[in-house]
Amino acid sequence: MRIQKPNRNTRQVIHLVGEGLTELYYFSHLKRLNGYRYSISPRLFENNGIDKIEKKIKELLNEDVFVICVFDADVSKRNASENKKLEALRKRYMNNKNVLLCDSLQSIEYWFLLHYEDTCRHFQNAYTTEQALKHYMPAFSKNRKFLEKEKWVSDMSADGRLEKACSLAEKYEERESYSKIYKAIQYLSKSDK
């Protein structure tokens, strides 16, 4: 009887789960621009709350994949019930080696802002974060017509700004405004080597 050795070149499949169109388009463009290897599907980026995100995490874990979750934490700061759900989600998956939670407060626009500005100031809400971003990206819009164009992501990531955003996000991770998306970028960069 011949014994087969395990194939060490097999990579674990990575799936991204997110909250909405902005995240879907951002990571779709980033995948193509940087050659990252992960699965991204519109069905995993519907307008998701914590409950729907957790349901999708469980479904994907049953398929033995690595799950990166990208979502905004602003609702959890305004709503005690959502905050409990977020804290339970963090606690449940903090030691799971197949789940990476990458939330941003107020919103993913704070992550985008870090590409242009060294800031950890408090933003009242997602709208004020978006207004600060528009200082650098005046045309930025959360509508499909803008988001589906790759240029906004390539411009934002150019000239070492993606690396700068990762450094700043790591530096400010424990502040009132934060983004853990840098963890996804670091993981994806390492998994492609």
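The values are calculated or read from the model by the stated rules, or taken from the named source; none is laboratory data. The model shown is predicted, which means the values in this text are computed figures rather than measured ones. When we count neighbours, we look across all protein chains shown, and the Cβ atoms used for this are built from the backbone with ideal geometry, even at glycine. Side chains are part of the model used for accessible areas, which takes the heavy atoms of the whole protein and leaves out ligands, DNA and RNA. Shrake-Rupley method; radii C 1.70, N 1.55, O 1.52, S 1.80 Å.
General observations
- Contact annotation: residue pairs with Cβ atoms under 6 Å, 6 or more positions apart or on different chains, pairing a residue in region 146-174 that is among the basic types (Lys, Arg) with a partner that is crowded, with 19+ Cβ neighbours inside 10 Å, are Arg161/His115.
- Ala88 open to solvent by less than 70 Å² (accessible area, probe 1.4 Å), in a helix (DSSP H, G or I), among the small types (Gly, Ala, Ser) and closer than 22 Å to Tyr26 by Cβ: no
- Restricting region 171-193 to residues that are under 19 Å from His122 (Cβ atoms) and assigned to a helix (DSSP H, G or I), the residue that is most open to solvent (accessible area, probe 1.4 Å): Lys171
- Against the conditions (1) surrounded by fewer than 20 Cβ atoms within 10 Å (Cβ to Cβ); (2) within 30 Å of Asn79 (Cβ to Cβ), Pro138 satisfies every one except (2).
- Scanning region 149-177 for residues that are farther than 15 Å from Tyr116 by Cβ and modelled with pLDDT of 95 or more turns up Lys149, Glu150, Lys151, Glu170, Lys171.
- Selection within region 53-75: residues that are closer than 23 Å to Tyr127 by Cβ and either open to solvent by 60 Å² or more (accessible area, probe 1.4 Å) or β-branched (Val, Ile, Thr) (or both). The member of this set that is modelled with the lowest pLDDT is Val75.
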